[in-house]
1. Can you tell me which residue among R184, R170 is open to solvent by 40 Å² or more (accessible area, probe 1.4 Å), closer than 18 Å to A214 by Cβ and more than 16 Å from ligand 2 (Cβ to nearest atom)?
2. Output the number of the condition that P287 fails; it satisfies all remaining conditions of (1) surrounded by fewer than 24 Cβ atoms within 10 Å (Cβ to Cβ); (2) not in a loop (DSSP other than H, G, I, E, B).
3. G65 - would you say it is surrounded by 24 or more Cβ atoms within 10 Å (Cβ to Cβ), among the small types (G, A, S) and either touching a Ser or Thr at 6+ places or on another chain (Cβ under 6 Å) or free of Cβ contacts under 8 Å to residues at least 60 places away in the same chain (or both)?
4. Are any residues in the stretch 73-93 among the small types (G, A, S) and either within 16 Å of ligand 2 (Cβ to nearest atom) or assigned to a strand (DSSP E or B) (or both), and if so, which ones?
5. From L25, L16, L48, grab the single residue that is closer than 28 Å to A290 by Cβ and either in a helix (DSSP H, G or I) or open to solvent by 70 Å² or more (accessible area, probe 1.4 Å) (or both).
6. Looking at (1) more than 15 Å from ligand 1 (Cβ to nearest atom); (2) open to solvent by 40 Å² or more (accessible area, probe 1.4 Å), which is the one condition that is false for P320?
7. Among the residues of the stretch 253-271, is any part of a helix (DSSP H, G or I), small (G, A, S) and crowded, with 19+ Cβ neighbours inside 10 Å?
8. Quick one: in the stretch 201-249, which of the residues that are more than 16 Å from ligand 2 (Cβ to nearest atom) and touching a Phe, Trp or Tyr at 6+ places or on another chain (Cβ under 8 Å) is nearest to S183 (Cα to Cα)?
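The values are calculated or read from the model by the stated rules, or taken from the named source; none is laboratory data. Quantities reported herein were computed from a predicted structural model and do not represent experimental measurements. So basically every Cβ, Gly included, is an ideal-geometry build from the backbone, and we count neighbours across all protein chains shown. Calculation scope for accessible area: heavy atoms of the full protein, side chains included, ligands and nucleic acids excluded. Shrake-Rupley method; radii C 1.70, N 1.55, O 1.52, S 1.80 Å.
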Amino acid sequence: MTGVEDGGTADRGTVLQVCPLLPTLETALATHHHTVRLAELPDPDAYLRDHGREVVAAVTSARIGVPNDLMDALPALRAIVHFGVGYETTDVARARARGIDVSNTPDVLTDCVADLAVGGLIDLMRRLSAADRFVRRGAWASDTFPLSVKVSGKRVGILGLGRIGRAIARRLEGFGAELLYHSRTSVEDVSYRFLPSPSALAAECDALVVAVSAGAATQGLVSASVLDALGPRGYLVNVSRGSVIDEPALVSALVKGGIAGAALDVFAHEPDVPRALLDLDTVVLLPHIASATHETRQAMGELTFRNLHRFMTEGTLVTPVPTAASS
Ligand code: NAP
Ligand code: 8YV
């Protein structure tokens, strides 16, 4: 994984591995740096009290980040390296104020997340998972599976036209989709129609695909009124974060038929999935797997390691998060 000659761990300071990571990444960290795995220590609080000041870099996942109390326990921390593109779990403004650099893993996971979003949309509209359940429970012997909804040629709204949103849109061009979007800023180099708000976007599309970044600014962005605008014939796909959708409002809309269905890779309180969704045939439920292929996780691990290693040897990061990032 590493592609580096240096096997020394010497006196560069301690790397804190905050949570379990990809095994090949864990091995690379342990081989090339003095790495301490916080989750494996018998008494993590005692370690932080006695050795916290030795830690110069923390490696963590997008899901866990570096919580504020942990950041506070590491006075010499200078870099936070995320395995994942999302980093809303770390307070980046707080880190920057302390002179701590932050990195993530953009681009290397874009294809897989976009593939899964399109797969989720097709599953949802053509009811693939529901049809699979129909066959498995033996219903085909006595019943006909109901007709579903055509995917090709539909109007699809992308909420968040960033790296992943654009990759989803490019794939859907191949399905003859009419593409619309809402993003924080309108994008110059695409022909898709910009809508001024999530509600305006939802009102105009057959399916809404959510790919915005998470944080305070997008908390609950897909609100009850956005779901109302999507309406009983509208489909929702979420590959962003659970926090971006008002989850109780979504559950209520799905239970009452306020929207036609949803494919969800992410949830507000993972791994908890709202009980009411488990019995609904109009919902595709996925355990946060959009980037979870061998190829992409390996690439994420390699980029994570490159960030950490360059920081430890040269003091800079390969893919620092944007300067304006605050959550
Ligand atoms: P990105 O390139 O930064 O795209 C994020 C997009 O969201 C940008 O277009 C951004 O607009 C837009 N946005 C941010 N705040 C907004 C707001 N308040 N209103 C409207 N749009 C807003 O990031 P990416 O690489 O595409 O990743 C997007 C997200 O996907 C990640 O942050 C992560 O949460 C999620 N993700 C999930 C999985 C999974 O396993 N399900 C895997 C990878 C990523 P600007 O360009 O104007 O900033
Ligand atoms: C991973 C993700 O599941 O990159 C992200 O933001 O959500 C996913 O790729 C996550 O990084 C695992 O920590």
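1. When all the criteria are applied, what remains is R184.
2. (2)
3. yes
4. Correct list: A79, G84, G86.
5. The match here is L25.
6. It fails just one condition, (1).
7. The answer is yes, given that some residue of the stretch 253-271 is part of a helix (DSSP H, G or I), small (G, A, S) and crowded, with 19+ Cβ neighbours inside 10 Å.
8. Selected residue: L201.
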